[in-house]
Amino acid sequence: MTQDKNLTDSQRQLKATEEELAAVQRMISIEDARDSLLGFTQFTMPDPEDVDNSMLTQFEVEPHHKLLAEALEKVESGECLRLAILMPPQHGKSELATRRFPAWVIGRKPWTKIMIGTYNQDFANDFGSQIREIMTSPQYKSVFKTEFLKGSKSKEFLVTTERGQMAMLGRGGSGTGKPADLFLIDDPLKDAKEAESPTIRNDLWEWYTKVAFTRCHVATSIVIIHTRWHEDDLIGKLCDPDHPHHDPKIANEWT
């Protein structure tokens with residue numbers, strides 16, 4: 001207040017105009033975050049030095065992020081039911097697809113039932129904690145009204161007030177009683193060493209076909225994300241025309 005008293009009328013007017021412009025820009029950013037996955041990601045990752053400035057973000061959009069976000073938005077709309085994402089480590093695929101995307105989807109459709117699978121339960125629970133943190137942030141609450149059911153504090157099973165669900169599942173876990181409208185599988189093989197094991201690859205295929213896939217219904221979207229460590233990995237079995245068990249009918253379902 002003391003600083004404001006020392007300002008001239010023109011300075012006060014300029015400051016008021018700047019504050020109005022910032023408020024308008026924030027409203028635009030919030031609308032963009034509701035409609036755009038990239039807008040949502042940028043808005044919910046503000047600059048820690050100025051969290052109220054909607055023009056500043058920690059998430060710098062690169063060309064591959066635009067391509068990935070476009071594909072994921074087609075999954076959310078129902079235009080794409082099978083999406084395979086092949087990307088090397090440290091390229092932002094998990095940040096965009098496995099942390100921000102589920103939070104964005106359930107914000108837009110709070111009744112959605114989502115399952116997230118990865119190579120073990122501890123890592124799956126980490127995703128659960130990170131998604132909870134996003135959804136309880138002030139930025140998220142500015143965009144969406146989706147809230148967790150009172151008492152829903154588990155890392156591995158989150159429930160919204162509109163009975164949407166997020167279940168976190170380690171490879172081999174059953175997911176019993178937890179249906180899925182969206183099933184995200186991120187790095188089902190931990191690293192190249194696991195990928196070299198025929199036993200682990202076969203166990204993964206058994207888990208996908210006999211456990212994970214049984215949680216899906218006819219309109220369930222499935223997104224598989226991983227680095228290609230081996231030609232016989234999950235995406236290889238499903239999509240690779242050079243795989244010995246290639247099924248063109250199944251492969252043609254996948255983008």
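The values are calculated or read from the model by the stated rules, or taken from the named source; none is laboratory data. If you're wondering where the values come from, they're calculated on a predicted model, not measured in any experiment. With ideal geometry, Cβ positions are generated from the backbone for all residues, glycine too; neighbour counts draw on all protein chains shown. What goes into the accessible areas is simple: the full protein's heavy atoms, side chains included, and nothing from ligands, DNA or RNA. Shrake-Rupley method; radii C 1.70, N 1.55, O 1.52, S 1.80 Å.
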Next item on the list: Report the accessible area of Tyr119, computed with a 1.4 Å probe over the heavy atoms of all protein chains in place, in Å² rounded to the nearest 10.
Entry: 40 Å²
Check: So what is the relative contact order for the chain, in percent, with contacts set as C-alpha pairs under 8 Å and at least six apart?
Finding: 19 percent
Checklist line | For the stretch 142-212 versus the stretch 47-112, the gap between their alpha-carbon centres in whole angstrom | finding: 18 Å
Checklist line | Percentage relative contact order, the stretch 33-162, counting C-alpha pairs under 8 Å, at least six apart | finding: 22 percent
Check: When the chain is treated as a GNM, springs tying every alpha-carbon pair under 10 Å, which of Ala69, Ala97, Ala23 comes out with the largest mean-square fluctuation?
Finding: Ala23
Next item on the list: For the stretch 39-115, just say rounded, prolate or oblate: build the C-alpha gyration tensor, square-root its eigenvalues into a ≥ b ≥ c, call rounded for a/c under 1.5, and beyond that prolate if a/b exceeds b/c, oblate if not.
Entry: oblate
Checklist line | Sulfur and carbon atoms: percent of accessible area, the chain [1.4 Å] | finding: 52 percent
Next item on the list: With θ set to phi - 60°, apply the Karplus curve 6.51 cos²θ - 1.76 cosθ + 1.60 along the stretch 133-138 and write out the HN-Hα couplings as whole Hz, x wherever there is a Gly or Pro.
Entry: 4, 4, 6, 9, 6, x
Next item on the list: Please work out the Cα convex hull volume for the stretch 141-225 and give it in Å³ per residue.
Entry: 128 Å³
Check: Relative contact order, percent, of the stretch 97-224 when contacts are C-alpha pairs under 8 Å separated by at least 6 residues?
Finding: 31 percent
Notebook entry, point to check: Can you list the HN-Hα couplings for the stretch 203-214, worked out from phi with the Karplus curve (6.51, -1.76, 1.60; θ = phi - 60°), rounded to whole Hz and with x for Gly and Pro?
Noted result: 4, 4, 5, 4, 5, 5, 7, 9, 10, 4, 5, 6
Item checked: the stretch 98-198: antiparallel DSSP beta bridges as a percent of all, rounded to 5 -> 30 percent
Item checked: Local net charge near Leu238, Cβ-Cβ under 10 Å (Lys/Arg +1, Asp/Glu -1) -> -2
Next item on the list: Please calculate the 1.4 Å probe accessible area of Lys66, with all protein chains present, and give it to the nearest 10 Å².
Entry: 120 Å²
Next item on the list: With a probe of 1.4 Å, find how much accessible area the chain has per residue, and write the answer as a whole number in Å².
Entry: 53 Å²
Notebook entry, point to check: Which shape class applies to the chain: rounded if a/c is under 1.5, otherwise prolate when a/b exceeds b/c and oblate if not, where a ≥ b ≥ c are the square roots of the Cα gyration tensor eigenvalues?
Noted result: prolate
Check: Looking at the square roots a ≥ b ≥ c of the eigenvalues of the Cα gyration tensor of the stretch 192-255, which shape do they give, rounded for a/c under 1.5, prolate if a/b is larger than b/c, or oblate?
Finding: oblate
Checklist line | Accessible-area ranking of His245, His226, largest first, probe 1.4 Å | finding: His245, His226
Notebook entry, point to check: Can you give the calculated 222 nm mean residue ellipticity of the chain, where each DSSP H run of n ≥ 4 adds -39,500 (n - 2.57) and the sum is split over every residue, rounded to the nearest 500 deg cm²/dmol?
Noted result: -12000 deg cm²/dmol
Check: Where does each of Asp242, Asp52, Asp233 land when they are ordered by accessible area, with a 1.4 Å probe and the largest first?
Finding: Asp242, Asp52, Asp233
